[in-house]
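The values are calculated or read from the model by the stated rules, or taken from the named source; none is laboratory data. As the structure is a computational prediction, the values presented were derived from the model and not from experiment. Don't worry about glycine lacking a Cβ; one is built from the backbone with ideal geometry, like all the others, and counts go over all protein chains shown.
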Amino acid sequence: MPTPLFTLEGVRSGYGRTEVLHGVSLEVAAGEIVALIGANGAGKSTLLNTVMGLVPCAGGAIRFDGKALTRQPTPAIVQAGLVQVPERRQLFGAMTVEENLLMGAYTRRDRGGIQAALEEQFARFPILAERRRQRAETFSGGQQQMLAIARALMSKPRLLLLDEPSLGLAPIVAQQILREIVTLRDAGGTVFVVEQNARAALAIADRGYVLENGRITVSGRAADLLSDTAVQDAYLGGAGGANDVEDHIREKKRAILGR
Amino acid sequence: MRRLGPSKSLVMAALFVIVAIAFPLVYPDSYHRGVGITAGAMAITAVGVVLLLGFAQQLAIGQPAFSMIGGYANAILCARYGWDPLAALVLAAVVSMVLAYAIGAPILKLRGFFLAMATLALQLMLIVVATEATAITGGPLGVVGVPKFGLFGITLQSDLAFFYLIWALVLASVWISLNIEHSRIGRALRAIAASEIAAGSVGVDIARYKIQMFVIGSGMASVSGSLLVHYLRATDPTVFGFDYGLNLLTGVIVGGLTSIWGGGALGPAIIVGLRELLRDLSLPLWEGVIMGALTVIVLIAFPRGIAGAASDLYDRLFTRRAAVPASAGTPDRAALPRWTEPAAASGGAPMLSVEAVSKSFGSLRAVHDVSFAVQPGSITALIGPNGAGKTTLFNLVCGSLPLDSGAIRFGGQDIANLLPTQIAELGVGRTFQNLQLFDNMSVLENVMCGGHRLASSGILPISVAWPSVAREEAATRAAARQALAFVGLSGFEEANPGALPFGHQRLVEIARALALKPTLLLMDEPASGLNDTETTQLSELILHIAALGVTVLLVEHDMRLVMGLADHIVVMDHGEKMAEGPSAQVRADPKVIAAYLGQEADADAAVHA
């Protein structure tokens, strides 16, 4: 593997006296999609918030492109090239699409570059161009997720951190968002994605990590994780294809309701 | 959690009685007794403030207005017309409570700063009246020559007797308020503070309890004002001015906004005592500065006031926190007795029927002419693209939004224009996509809130701890434990819901909705944020709920859950119904595939295609 762009070494953090992450190590190489999966409460969002400096890092090291990011303030981390697309989008609801996008370029000072980035996002998501003067809160969930990603890309990040991008989205929209992530990677981008929908995340990822109770327990190529029986049982609803979940539910329905 | 020491309330009560009895004996001079009487009068008002401001978090801060009514009524009636002080006190309290009831309904609809301004405006109006209506109130000079307080014709000549009377009344106010705090009404108030929408969803009549607390608090403030005026032997417009209100609020906040003992009894005593101490230093300039600085320091160091800090310390010394049981895999599910009638009893009529319902927001037609029926005992799913109007329709059924046109019938009854509370009262439970748990209560209390509609103890029996109240409370608690056991959360009763993993929090919400013994359960994206294994477990729970005879209507994006569970699926797109039918039919519908499902239901196939 090439030199990693982004590494976590024994990172510990938490809230108050409660430690949530008990020494997490992982790495992301330039140009790959890395997925982090795990149960609710495993510490996935805490990990992202620690990386972004929103939760103080209590131990270990976070490195990006050779520089230490540990204990840097959030704006400095964004300046270094990391951007988070937060869970549930966190858009500026009362602002228009264009204003939201310009907020994404808040740390940039090059007017021309900002304008070019804006046009780039409009090309990427034509729906945003059509509705550039519309307020973000009037958007549907899928459009909001596109806007959230576009806003993050405005600062020309070198690493995009996505927190639950498919949460609450219709299947067809979730597929579109996931496809967009692959497109970003194919264009040379680097993406670290945290997903509850483990199957979808591993399907698009190059590599994956499993976070359990604040520790990385399994890591490897995404395809290997998808076929790992322990991972399947814990996160993918059992062995086999996705239809297994539905078949399993159908079977239970016959047993419990008799119909 | 396991307690090693005696209960906090017992410790507080014992401390209170000892200090209240000892204080005038340790400081027998009239100055110290006067300070004690002033503090006690303020404490009676403060207890009422905790009920409304602390528990229900309603920023009604003009309580001194009612102290003024009590004060002036006693001054005028006793000094000029020779009324018996007790009779004047009772009359003033009744007048204050009636006035609070009359103005409570309109002004308690206001929130936050607006409510604060409205209650302050009331106080300001009364100050202006007291200053200008010279003929009645004596104007800026006020009323003098108020007699000492007396009971049944016997005047309390000694300040000592008056001191004990006042602090006995503080204790009585505390007792009433503690009874309220630990009742279904106390839970309802905290529920309102944590999430009004969720409080409504379990049938808590929000306006009713706010008004009740406003009325009780006004009564307490009025009694306090009456008593203070008999001690001062005079009153004027400045006695219950904005200064008084500010001191009162500072006392409540420093003592502990959410603690009857702290904010009610302790805080005012500290503030009044501190002011007197500083006055002794005779540094008028520094008095205000020091008071302000101390208040800010206490608030930063102890955000829950002195009572909160003391309570935490007590827990650290005397309470061992039992480890929350780590539960993984399939939870053990206990049986729940059935409360619904068999579906056949309805004679084939739908449980819920949505008839030509429309709703627009401005020019946006969110829901347009949608009709469908939910059969009793069935699991029905509502699906469609983001922005198709599912959530709007869901909110119309719950009563969170008014309809533009059409009808919604539940068991034959038109529920279209009912409030969420009233719909919950009829037996419609709901869960929320973005969890709406009451984070200021334990898991068990959250679920007990669900049993609110099944209990009936009112404010009067609760205030005086009538024996039937305890029996009903025990039944509510037992039912809540059963509901928790049913969702597999036995052992989590005392946990703080916010400390539980997300998946467990969702189960708490389901248990809360089940505690109201619904015949129809509405679930808004129950699988959102769950992984496949958790989704499978949730599906099983929904099946067990359906097996109890509860009809389920859910909005969900996880197609495996929808296709596996639902007996009937309704598909929406652009605010209109696009298709409906059993899963096999809906999934094969080309329109549904194009608008919603996509070519492949499985994301990896779509991406790798």
### Query
So B:Arg453 clears everything in (1) without any contact (Cβ under 8 Å) to a residue 40 or more places away in the chain; (2) closer than 18 Å to B:Arg190 by Cβ except one condition, right? Which one?
(1)
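Can we say A:Leu47 is in contact (Cβ under 8 Å) with a residue 60 or more places away in the chain and either farther than 30 Å from A:Gly168 by Cβ or in contact with a Pro (Cβ under 9 Å, 6 or more places away or on another chain) (or both)?
no
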### Task
Would you mention how many residues in region B:63-107 are buried (at least 23 other Cβ atoms within 10 Å of the Cβ) and part of a loop (DSSP other than H, G, I, E, B)?
1
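Per-residue answers, yes or no, for (1) assigned to a loop (DSSP other than H, G, I, E, B); (2) over 12 Å from B:Thr380 (Cβ atoms):
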position: B:His504; (1), (2): no, yes
position: B:Ala513; (1), (2): no, yes
position: B:Lys517; (1), (2): yes, yes
position: B:Ser528; (1), (2): yes, yes
position: B:His557; (1), (2): yes, yes
position: B:Met563; (1), (2): no, yes
position: B:Glu580; (1), (2): no, no
position: B:Arg587; (1), (2): no, yes
### Query
Could you count how many residues in region A:58-79 are within 20 Å of A:Arg108 (Cα to Cα), in contact with a helix residue (DSSP H, G or I) (Cβ under 8 Å, 6 or more places away or on another chain) and touching a residue at least 40 places away in the same chain (Cβ under 8 Å)?
2
### Task
Please give the number of the condition B:Val374 fails out of (1) within 19 Å of B:Ala188 (Cβ to Cβ); (2) touching a residue at least 40 places away in the same chain (Cβ under 8 Å); (3) among the β-branched types (Val, Ile, Thr).
(1)
### Query
Quick one: which of A:Asp224, A:Asp247 is free of Cβ contacts under 8 Å to residues at least 60 places away in the same chain, within 11 Å of chain B (Cβ to nearest Cβ) and not in a loop (DSSP other than H, G, I, E, B)?
A:Asp247
### Message
I'm trying to understand the selection: among the residues of region B:418-463, which are closer than 17 Å to B:Phe394 by Cα, away from chain A (no Cβ under 14 Å) and more than 15 Å from the chain's Cα centre (by Cα)?
### Response
B:Leu418, B:Leu419, B:Pro420, B:Gln422, B:Ile423, B:Ala424, B:Leu426, B:Gly427, B:Val428, B:Gly429, B:Arg430, B:Thr431
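Yes or no: B:Ala546 at the interface with another protein chain (Cβ under 10 Å from one of its Cβ atoms), modelled with pLDDT of 90 or more and in a loop (DSSP other than H, G, I, E, B)? Steps first, please.
Numbers: at the interface with another protein chain (Cβ under 10 Å from one of its Cβ atoms): yes; modelled with pLDDT of 90 or more: yes; in a loop (DSSP other than H, G, I, E, B): no.
No; evaluated as a whole, the condition is false for this residue.
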### Query
Which condition does B:Leu553 not pass, out of (1) closer than 21 Å to B:Asn386 by Cα; (2) within 12 Å of chain A (Cβ to nearest Cβ); (3) within 35 Å of the chain's Cα centre (by Cα), if it passes all the others?
(2)
### Task
Output yes when any residue across region A:153-161 is in a helix (DSSP H, G or I), closer than 26 Å to A:Leu54 by Cβ and at pLDDT 90 or above, and no when none is.
yes
### Query
Given B:Leu10, B:Leu59, B:Leu15, B:Leu51, which one is within 29 Å of the chain's Cα centre (by Cα) and not in a helix (DSSP H, G or I)?
B:Leu59
### Message
Any residue that is surrounded by fewer than 15 Cβ atoms within 10 Å (Cβ to Cβ) and among the small types (Gly, Ala, Ser) - is there at least one of those in region A:127-134?
### Response
no
#### Entry: Residue in region B:114-127 that is over 24 Å from B:Pro237 (Cβ atoms) and in contact with a Gly (Cβ under 7 Å, 6 or more places away or on another chain) present
no
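Looking at region A:199-213, can you tell me whether even one residue there is under 24 Å from A:Arg12 (Cα atoms), more than 9 Å from every other protein chain (Cβ to nearest Cβ) and over 17 Å from the mean Cα position of the chain (by Cα)?
Checked against the condition, which is being under 24 Å from A:Arg12 (Cα atoms), more than 9 Å from every other protein chain (Cβ to nearest Cβ) and over 17 Å from the mean Cα position of the chain (by Cα), region A:199-213 yields at least one hit.
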### Task
Kindly list the number of the only condition in (1) part of a helix (DSSP H, G or I); (2) within 24 Å of B:Cys78 (Cβ to Cβ) that fails for B:Phe240.
(1)
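Scan region B:170-191 and tell me whether some residue there is in a helix (DSSP H, G or I) and closer than 30 Å to B:Gly142 by Cα.
Within region B:170-191, the first condition is being in a helix (DSSP H, G or I), and the residues that meet it are B:170-181, B:184-191.
Adding the requirement that they be closer than 30 Å to B:Gly142 by Cα leaves B:170, B:173.
Scanning region B:170-191 turns up at least one residue that is in a helix (DSSP H, G or I) and closer than 30 Å to B:Gly142 by Cα.
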### Query
Has region B:551-572 got at least one residue that is modelled with pLDDT under 95, surrounded by fewer than 23 Cβ atoms within 10 Å (Cβ to Cβ) and farther than 22 Å from A:Asn197 by Cβ?
no
### Message
Suppose we filter region B:493-502 for residues that are within 13 Å of chain A (Cβ to nearest Cβ) and part of a loop (DSSP other than H, G, I, E, B); how many remain?
### Response
4
### Query
Which is under 17 Å from the mean Cα position of the chain (by Cα) and within 14 Å of another protein chain (Cβ to nearest Cβ), of A:Gly53, A:Gly81, A:Gly43, A:Gly104?
A:Gly43
### Message
Restricting to region B:441-465, name every residue that is of a type in the set (S, T, N, Q) and crowded, with 20+ Cβ neighbours inside 10 Å.
### Response
B:Asn446
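Taking the residues in region A:172-198 that are among the aliphatic types (A, V, I, L, M) and either in contact with a Gly (Cβ under 6 Å, 6 or more places away or on another chain) or within 11 Å of another protein chain (Cβ to nearest Cβ) (or both) as candidates, determine which candidate is surrounded by the fewest Cβ atoms within 10 Å (Cβ to Cβ). Outline the logic, then answer.
The initial filter retains those residues of region A:172-198 that are among the aliphatic types (A, V, I, L, M), namely A:172-174, A:177-178, A:181-182, A:184, A:187, A:191, A:193-194, A:198.
Next, from what is left, pick out any that are either in contact with a Gly (Cβ under 6 Å, 6 or more places away or on another chain) or within 11 Å of another protein chain (Cβ to nearest Cβ) (or both): A:172-174, A:177-178, A:181-182, A:198.
Values: A:Ile172: 20, A:Val173: 23, A:Ala174: 24, A:Ile177: 20, A:Leu178: 25, A:Ile181: 22, A:Val182: 17, A:Ala198: 27.
Across region A:172-198, the extreme among qualifying residues is A:Val182.
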#### Entry: Pairs where the first residue, in region B:434-447, is under 18 Å from B:Thr258 (Cβ atoms) and among the hydroxyl-bearing types (Ser, Thr, Tyr) and the second is assigned to a loop (DSSP other than H, G, I, E, B) and at pLDDT below 95, C-beta under 6 Å, 6+ apart
B:Ser442/B:Glu494
### Task
Restrict the check to region A:163-171 and report whether at least one residue is within 11 Å of chain B (Cβ to nearest Cβ), in contact with a strand residue (DSSP E or B) (Cβ under 7 Å, 6 or more places away or on another chain) and in a helix (DSSP H, G or I).
no
### Of all residues making up region A:227-244, the number that are surrounded by fewer than 20 Cβ atoms within 10 Å (Cβ to Cβ) and either in a helix (DSSP H, G or I) or at pLDDT 85 or above (or both)
7
### Query
Hey, A:Leu236 hits all of (1) more than 8 Å from chain B (Cβ to nearest Cβ); (2) without any contact (Cβ under 8 Å) to a residue 60 or more places away in the chain but one; which does it fall short on?
(1)
### Message
Just to verify a result, which residue in region A:136-162, among those that are among the small types (Gly, Ala, Ser) and either at positive phi or more than 10 Å from chain B (Cβ to nearest Cβ) (or both), is surrounded by the most Cβ atoms within 10 Å (Cβ to Cβ)?
### Response
A:Ala148
### Task
Could you list all residues from region B:276-307 that are in contact (Cβ under 8 Å) with a residue 24 or more places away in the chain and more than 33 Å from the chain's Cα centre (by Cα)?
B:Glu276
### Query
What number of residues in region B:556-579 are within 18 Å of B:Ala356 (Cα to Cα) and either more than 40 Å from the chain's Cα centre (by Cα) or at the interface with chain A (Cβ under 9 Å from one of its Cβ atoms) (or both)?
2
